[in-house]
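Visitor: Provided herewith is a single structure, encoded as structure tokens, for subsequent inquiry.
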Amino acid sequence: MAVAGRGGAGGKRVPLLLAVAAVAYGIDLGSKMWVVGHLEHRAPVEVIGSWLELDVTRNSGAAFSFGAAVTIVFTVIAAAVAVAIFRLARKLYSVPWAIALGLLLGGALGNLTDRLFRAPGDFQGAVVDFIAVRGFSVMNLADWAIVCGGVLIVVLSFCRLELDGTRSAPGDRDTAREATRTGDQAPHGGA
């Protein structure tokens, strides 16, 4: 049982998703080009003392340089995320979901571009990271877009906001899940 109607008068939100993805991708790509041209092979630039610095590194792995030996796996994952988002876009009528998925897509494409076109090439390129948070990690703006999109997706899921802009009632998912498990159909509220 849906609590709210379809995502309003605006229709599908695919253009918004693509616009957010393009902005996130463009900012990430531009920032990487700038830091490689101006900051690579130089001493870190302090932004907030030594707590936050601009320090260019090349990362062939995932977050925290995990999995550097299997870079191609992260290339495939980024491509799969992009394909999955394009498939989900068919059902997209929600502005918050369009923003969340746009951030995720833009970030995934930003890092995928590095994997495809940066040395050593062959789908194993090293991602340019440059935002160094002391004692935590060195990231880039694509990573931040992915994190922000992921957090927003978690929040939207907890708020039970669906891709189509409807809100599910607390028992809807459980009823549908139970009906699927037992082979029955979920009740439709009528006689």
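Yes or no, residue by residue, for (1) modelled with pLDDT of 95 or more; (2) of a type in the set (A, V, I, L, M):
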| position | (1), (2) |
| --- | --- |
| 135 | no, no |
| 143 | no, no |
| 149 | yes, no |
| 163 | no, yes |
| 168 | no, no |
| 175 | no, no |
| 180 | no, no |
| 183 | no, no |
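Visitor: Ok, one more. Which residues, taken from the range 97-122, are open to solvent by 50 Å² or more (accessible area, probe 1.4 Å) and under 24 Å from residue 157 (Cβ atoms)? I'd like the intermediate steps shown before the answer.
Guide: Here is the first cut: in the range 97-122, the ones open to solvent by 50 Å² or more (accessible area, probe 1.4 Å) are 99, 109, 116-117, 119-120, 122.
Hits for the range 97-122 are 99, 109.
Visitor: Now for a different question. If you scan the range 135-146, which residues turn out to be among the hydrophobic types (A, V, I, L, M, F, W, C) and surrounded by fewer than 19 Cβ atoms within 10 Å (Cβ to Cβ)? Explain how you work it out, then say what you get.
Guide: Going residue by residue through the range 135-146, those that are among the hydrophobic types (A, V, I, L, M, F, W, C) are 136, 138-139, 141-142, 144-146.
Residues satisfying the conditions are 136, 144.
Visitor: Suppose we filter 84, 132, 78 for residues that are surrounded by 15 or more Cβ atoms within 10 Å (Cβ to Cβ) and in a helix (DSSP H, G or I); which single one remains?
Guide: Details: 84 fails: surrounded by 15 or more Cβ atoms within 10 Å (Cβ to Cβ); 132 fails: in a helix (DSSP H, G or I).
Only one candidate passes the filter, namely 78.
The values are calculated or read from the model by the stated rules, or taken from the named source; none is laboratory data. Computed from a predicted model, the values in this text were never measured in an experiment. Every residue, glycine among them, receives a Cβ derived from its backbone with ideal geometry; neighbour counts consider all protein chains shown. Accessible surface areas use protein heavy atoms only, side chains included; no ligands, DNA or RNA. Shrake-Rupley method; radii C 1.70, N 1.55, O 1.52, S 1.80 Å.
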